[in-house]
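This report refers to the structure that appears directly beneath it.
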Amino acid sequence: DLEQIKADLIIDSTGIDAVLRTQLPKSYKMDFNLRRGELFHTYRGYFNKNSSNQSMGSYYKVILGYQNKRGIAWVNTSNEYADVLIGCIDPFKKDEIESLLDDLRSKFPEIGKKLIRGGQIAPIPIRRTAPLLVGANFALIGDAAWMTKPVTGSGISNSMIAGKILADITIKSF
């Protein structure tokens, strides 16, 4: 159950699904949704690093169109762990990640089996920022407004800058 509250300003920073934005009246004109090709499904995991006779040393490999998917994969072994990313514009099928990881391990034996951290699938918006960010007493910020840099998949710096601008304007208006 949702509790109704009154506020001078509501900021939706609830992530890519923009939970608050989706509950706005149509008059706000913020009923936009991501379409295929505007969302990137990513798996990111940090694994222990194997050392073997076949070791390629430290490297950072990026594979475009990995396994004929519209996306990328990378393996980075330049740290004390193996950083693995697999991403594509279509959702992963059930149990597909394990198969893709096994295939990567066959090509890059440094990727160990022990997951150190990560290991989840997360969506990243890969389109321009939402066309409308503010309405009457309402603002979108971060992934709720699709504030990522599609080339890197990171948006924290853009979101923090936008948050500061929003805070400065809000403070000046009161």
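The values are calculated or read from the model by the stated rules, or taken from the named source; none is laboratory data. Given the structure is predicted, the values throughout are model-derived calculations rather than measurements. No Cβ is skipped: glycine too gets one built from the backbone with ideal geometry, and neighbour counts run over all protein chains shown. Each accessible area value is taken on the protein alone, full model and side chains, heavy atoms only, with ligands, DNA and RNA left out. Shrake-Rupley method; radii C 1.70, N 1.55, O 1.52, S 1.80 Å.
Structure summary
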{"item": "Listed residues Ala144, Ala162, Ala136, most fluctuating in the chain (Gaussian network, C-alpha, under 10 Å)", "result": "Ala136"}
{"item": "For peptides 114-123, 15-24, sequence by mean Cβ density within 10 Å, most packed first", "result": "15-24, 114-123"}
{"item": "Positive minus negative residues near Ile63 (Lys, Arg vs Asp, Glu; Cβ under 11 Å)", "result": "+2"}
{"item": "Zone of Ile121's modelled label, taken as backbone nitrogen in the stretch 72-88 under 13 Å from a point 7 Å along Cα→Cβ", "result": "86-88"}
{"item": "Mean projected area in nm² (Cα convex hull; one quarter of hull surface) for the chain", "result": "12.8 nm²"}
{"item": "Lys pairs, the chain - Cα-Cα below 16 angstrom, 8 or more residues apart or on other chains", "result": "8"}
{"item": "Extension gain (nm, one decimal) between Asp17 and Thr170, 0.36 nm per residue minus Cα-Cα", "result": "52.6 nm"}
{"item": "Summed residue charge, Cβ within 12 Å of Gln23's Cβ, Lys/Arg positive, Asp/Glu negative", "result": "-1"}
{"item": "Net +/- balance of residues flanking Leu115 in space, Cβ distance below 13 Å, scoring K and R +1, D and E -1", "result": "+4"}
{"item": "Residue of Lys93, Lys107, Lys29 that the Gaussian network model of the chain assigns the largest fluctuation, springs spanning Cα pairs under 10 Å", "result": "Lys93"}
{"item": "Heavy-atom surface of the stretch 43-147, accessible at 1.4 Å and reported per residue (Å²)", "result": "54 Å²"}
{"item": "Along the chain, longest interval not containing exposed GluC sites (Glu not before Pro), exposed being DSSP loop plus at most 10 other Cβ atoms within 10 Å", "result": "81-174"}
{"item": "Förster radius 41 Å - calculated FRET efficiency between Leu132 and Asp103, Cβ distance, rounded to 0.05", "result": "0.45"}
{"item": "Fraction of accessible area attributable to carbon and sulfur, the chain (%, probe 1.4 Å)", "result": "54 percent"}
